[in-house]
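Input: a single structure, listed below in structure tokens.
The values are calculated or read from the model by the stated rules, or taken from the named source; none is laboratory data. Given the structure is predicted, the values throughout are model-derived calculations rather than measurements. Here the Cβ is made from the backbone with ideal geometry for all residues, glycine too, and neighbour counts use every protein chain on show. Protein only, heavy atoms only, side chains kept; ligands, DNA and RNA dropped before computing areas. Shrake-Rupley method; radii C 1.70, N 1.55, O 1.52, S 1.80 Å.
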Amino acid sequence: MGVVMNNESVRIPEAERIVISVITDNLADVTRPDCKIARRLRRTESPLDLAAHGEHGLAYHVETVVEGESRCCLFDFGSDARGVLKNMKLLNVDLGKVDALAISHDHWDHQAALLDILKMKRGEWRSGLPLYVGECFFEGTYLKGDDGSVTSLLALNRRELDDLGVVRIVETKGPTAIIPGAFLSGRVEQRAEYEAIPSSFVARRGNEYVPEAFPGEQALFMNARGKGLVVVSACAHRGIINTVRQAQRITGIERVHMVIGGFHLTGASPEIIQRTIADMKAIDPVYVVPTHCTGFEAIAAFAREMPDQFILNTAGTTYVVA
């Protein structure tokens, strides 16, 4: 794979099977039962087999089966390398079978652990493993405080990654296939006017800080045979509704089977949360799984207003679409 698509439409092959394992997320709860298509961790030898690591971060393992061939990728990496690697072990993730790595955007809670993970498991990766990042990734995003202070949210250094010699960095600008049946979205168009980026996020241009537009933030999407789109978000700074509609628009597929990931509604007003839910109801996915930065109030609202579609995610949960 690794071909960067410059056009704005793609033909995405159907996957006979899609398996999404949420390696880490904000919520860890060993008492949650299986729910719908969500499969929780199982104890095999010790009660500690259920003790998944949770953090303010997100990481996924994604497998697609297209025309009988299984391929897999890692999408985002959280911030705590040892905790993420612990969960990978609990989930039986075989790093030697990983075909591609991808990072949704440049914030620490999605990529700070990557360098240490690469170092700690250096001998297990395939040679020339591609690492996909979006536009302006290594320029970083900054957070502006009420006191005027500015803090970088980027935790990766390109030179350190290059010097390690494990990955081959691929910068994407459009929809990009990273494994058969799984595409990065490219830049998400902002069409829903209420899905605005908070002014606290800024980018550095020369000696000035300007409003951040997150042009390089990417989601992952797939096409489940006979079921429709599976959209995997990270933070959706440009809007979760915009993200899903982007997937529909560039694939030409209207039917949505599953939307999972951070919806970036933490701290959002009740009005914004309700407008998001109304638009998600109109999209009508079979399953909706808000994670990470969605925020308690929004997660509770999705659970209340879309009970048949809602699934509460926990770190270490696996979703099988087949």
By average C-beta atoms within 10 angstrom, highest first, the peptides 87-96, 57-66, 184-193: 57-66, 184-193, 87-96
Which of G186, G267, L131, positive extreme of dipole for the chain (C-beta unit charges): L131
Whole-number D in µm² s⁻¹ for the chain, Kirkwood Cα-pair radius fed into Stokes-Einstein, 4 °C, 1.567 mPa s: 66
Hydrodynamic radius by Kirkwood, which averages 1/r over all alpha carbon pairs of segment 111-240, in angstrom: 16.7
Antiparallel DSSP beta bridges within segment 201-273, as percent of all bridges there, nearest 5: 70
The chain: antiparallel DSSP beta bridges as a percent of all, rounded to 5: 65
Ordering of 35-44, 292-301 by packing [mean C-beta count within 10 Å, highest first]: 292-301, 35-44
Virtual spin-label span in nm between E14 and E124, 7 Å along Cα→Cβ: 3.5
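Express as a percent, rounded to the nearest 5, the fraction of DSSP beta bridges in segment 81-177 (both residues included) that run antiparallel. The partial results should precede the final answer.
Details: 3 of 10 bridges.
Looking only at bridges with both residues in segment 81-177, the antiparallel portion is about 30 percent.
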Rounded Å value of the spacing that divides the Cα centres of segment 201-247 and segment 84-131: 21
J(HN,Hα) series, segment 12-18, from Karplus relation 6.51 cos²θ - 1.76 cosθ + 1.60, nearest Hz, glycine and proline x: 9, x, 6, 9, 5, 8, 10
Where the chain is the region considered: accessible area per residue in Å², 1.4 Å probe: 43
5 angstrom amide H check on I169, placed H, neighbours 5+ away: L131
Given charges at beta-carbon only (K, R positive; D, E negative), |dipole| of the chain in Debye: 700
Stretchable slack from S199 to V30, in nm (0.36 nm times residue separation minus alpha-carbon distance): 57.1 nm
Value of relative contact order over the chain, rounded to a whole percent, pairs C-alpha under 8 Å and six or more apart: 22
Förster-model FRET efficiency, 41 Å R0, E67 and Y209, C-beta, rounded to 0.05: 0.25
Point-charge dipole on Cβ atoms (K/R +1, D/E -1) for segment 2-82, about Cα centre, debye to 20: 240
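With a 1.4 Å probe and all protein chains left in place, how much of the accessible area of the chain comes from carbon and sulfur atoms, in whole percent?
Values: 6480 of 13750 Å².
The value for the chain is 47 percent carbon and sulfur by accessible area.
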Rough spin-label spacing in nm, given labels placed 7 Å along Cα→Cβ, for E189 and S152: 3.4
Cβ-derived FRET efficiency at R0 41 Å, I253 paired with L143, nearest 0.05: 0.70
Computed Kirkwood radius, in angstrom, where 1/r is averaged over Cα pairs of segment 156-200: 13.8
Calculated [θ] (222 nm, deg cm²/dmol) that DSSP helices of n ≥ 4 give over the chain, each run adding -39,500 (n - 2.57): -5500 deg cm²/dmol
